[in-house]
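The values are calculated or read from the model by the stated rules, or taken from the named source; none is laboratory data. Remember, predicted model here, so these are calculated numbers, not experimental data. FYI the Cβ positions are ideal-geometry reconstructions off the backbone, even for glycines, and counts take in every protein chain you see. The accessibility values were calculated without ligands, DNA or RNA, using every heavy atom of the protein model including side chains. Shrake-Rupley method; radii C 1.70, N 1.55, O 1.52, S 1.80 Å.
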Amino acid sequence: MLKIILVAGARPNFMKIAPILRAFKKRPEINPVLVHTGQHYDQNMSGSFFEDLGIKNPDYHLEAGPGSHANQTANIMICFEEVCLKEKPDLVLVVGDVNSTIGAGLVAKKLQIKLAHVEAGLRSGDRSMPEEINRLATDSISDYFFTTEPKGTINLLNEGVPEGKIQFAGHVMIDNLFFQLSRLEKMETSLSTSPLKSRIQKPYICMTMHRPSNVDNKDTLSGLLETVQQLSSDAPVIFPCHPRTKKQIEKFGLMSRFSFYKDQPGLSSGVYLFEPLGYNEFLNLWKDASLVLTDSGGLQEETTALKIPCITMRENTERPVTVDIGSNEIAGTDTEKILALGKKALDGKWKESRIPDKWDGKASERIVEFIVKEL
Ligand code: UD1
């Protein structure tokens, strides 16, 4: 029996862990132990995802909570070490690039436990991003590397990782997307009467924004909101707002300046601000949007999988396949560029795109096969 600890901590981890757990469950020789670090802790940032995605209750909840990067990562490490010492797993599997990924990874390696990194090899080249540091550090100590796109594999080979340790598996988050979409079809009636969706008519724009580089500086945040405000004269912008962004909007006194609406959106122009949404309600929203505006990593990929126009408000992307063949365009914080691209999307003149290789719903199965063979 192989004991494998899976680590999840922040919102973008949960949808990657869910399909791997489903694949593990089909293998009697694997005993999965689920650890939630507690990096994200609000019901709408964590609890609701477990419910929506049908993930089992974590075997351990470390309650690391908020704090500076050092504080949060250290809390995760201290608590996760106890779990590893008690469980003595054959493998620790981490996903993505959040503080929980590197925190748990470091603990595993220092205890000489094998470490697998799912979504390995992505590089933005921008070391001011905390996630880039987490990616580089996690890949420098991992034993097994599962990549989502060819560039991930190329990056790892260039950094000296032996070829046999890398598997181009495809994308577990897309496994989950397809799985949830088919479930959503059956639930559509009840969800479409959800308070939010039922009040919006097409065409509409869906927006998310939470990167420190976009929201922690008053001028940048205010400039981006101004741009979005302009775009919203052509179609309403629905903006479920991350707690970090909401705090910053309030701190900089931008809430009243931009006249957001907290509820009762009409069907016309305007920017409508909401609390973060659960996985299903958010999917139900963005899957029918004419345009997604985002600075998220995952959403660049998810929109590519459904061929929905996506404008990324960042200067770079660690996920180049979404731009090279997918439906994503990088616009940075450039107002002219965002507005011009926005018009293209709303006029139905977006570029042709394709779904990347191996984004076929079977990445988790490939990962499980590889692990069973290696261990
Ligand atoms: C983290 C990840 C980022 C990911 C994002 C998705 C790192 C380095 N960053 O950033 O890669 O895209 O999650 O959400 O790991 N907060 C709450 N409730 C919560 C969680 C957070 O109010 O449940 C507040 C925190 O108190 C903090 C802010 O939101 O003030 C930011 O949270 P934090 O976990 O530090 O980082 P994220 O910006 O969420």
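From largest accessible area down, sort Ser198, Ser256; use a 1.4 Å probe on the protein chains.
Details: Ser198 70, Ser256 100 Å².
From most accessible down to least: Ser256, Ser198.
How far is it, in nm, from the label point at Ser198 to the one at Leu136 when both lie 7 Å from their Cα along the line to the Cβ?
Rounded to a tenth, the inter-label distance reads 5.1 nm.
Near Val323, within a Cβ-to-Cβ distance under 14 Å, what is the net charge of the other residues, with Lys and Arg +1 and Asp and Glu -1?
Values: positive: Lys151, Lys307, Arg314, Arg319, Lys337, Lys351, Arg354; negative: Glu149, Glu301, Glu315, Glu318, Asp324, Glu329, Glu352.
After counting each charged neighbour, the total is 0.
With Kirkwood's inverse mean 1/r over C-alpha pairs for Rh, give me the Rg to Rh ratio of region 192-346, two decimals please.
Details: Rg = 14.2 Å, Rh = 15.4 Å.
Here Rg/Rh amounts to 0.93.
Convex hull over the alpha-carbon atoms of region 8-93: what's its volume per residue in Å³?
On the way: hull volume 7.7 nm³, N = 86.
So the per-residue Cα hull volume is 90 Å³.
Take the Cβ-Cβ distance between Asp288 and Lys186 as r, set R0 to 25 Å, and report the resulting FRET efficiency rounded to the nearest 0.05.
Values: r = 17 Å, r/R0 = 0.67.
That gives a FRET efficiency of 0.90.
Quick one: what does P(r) look like for the chain with 20 Å bins over all Cα pairs, in whole %?
For the chain, the binned pair fractions read 29, 59, 12 percent.
Per 0.36 nm of contour for each residue apart, how much would the distance between Glu250 and Lys218 grow if the chain were fully extended, relative to their Cα-Cα spacing?
Once the chain is fully extended between Glu250 and Lys218, it gains 10.4 nm.
In terms of solvent-accessible area of protein heavy atoms at a 1.4 angstrom probe, what is the ranking of Lys86, Lys344, highest value first?
Details: Lys86 145, Lys344 95 Å².
Result, largest first: Lys86, Lys344.
For region 285-326, report the % of Cα-Cα distances exceeding 12 Å.
Numbers: 448 of 861 pairs.
That tail contains 52 percent of the Cα-Cα pairs.
What is the calculated FRET efficiency for Glu63 to Asp347, with r their C-beta to C-beta distance and R₀ = 45 Å, to the nearest 0.05? Walk me through the intermediate numbers first.
Numbers: r = 49 Å, r/R0 = 1.08.
Efficiency for this residue pair is about 0.40.
Tell me, how many Å apart are the Cα centres for region 99-127 and for region 17-36?
19
Tell me the label-point distance for the pair Glu51, Gln112, using the 7 Å Cα-to-Cβ offset, in nm and rounded to one decimal.
About 4.5 nm, to one decimal.
Computed over the Cα atoms of region 134-236, what is the convex hull's projected area averaged over all directions, in nm²?
10.5
Could you report the chain's accessible area per residue, 1.4 Å probe, as an integer in Å²? Show your work: numbers first, answer last.
On the way: 15370 Å² over 375 residues.
Result: 41 Å² of accessible area for each residue.
Within region 167-189, list the residues whose amide N lies under 18 Å from a label point set 7 Å along Cα→Cβ of Lys373.
Only 167-172 pass the distance filter.
Once every DSSP H run of n ≥ 4 in the chain is given -39500 (n - 2.57) and the sum is divided by its residues, what mean residue ellipticity at 222 nm do you get, rounded to the nearest 500 deg cm²/dmol?
After summing the helix terms and dividing by the residues of the chain, the value is -13500 deg cm²/dmol.
What's the carbon and sulfur percent of the chain's accessible surface, probe 1.4 angstrom, rounded to a whole number?
50
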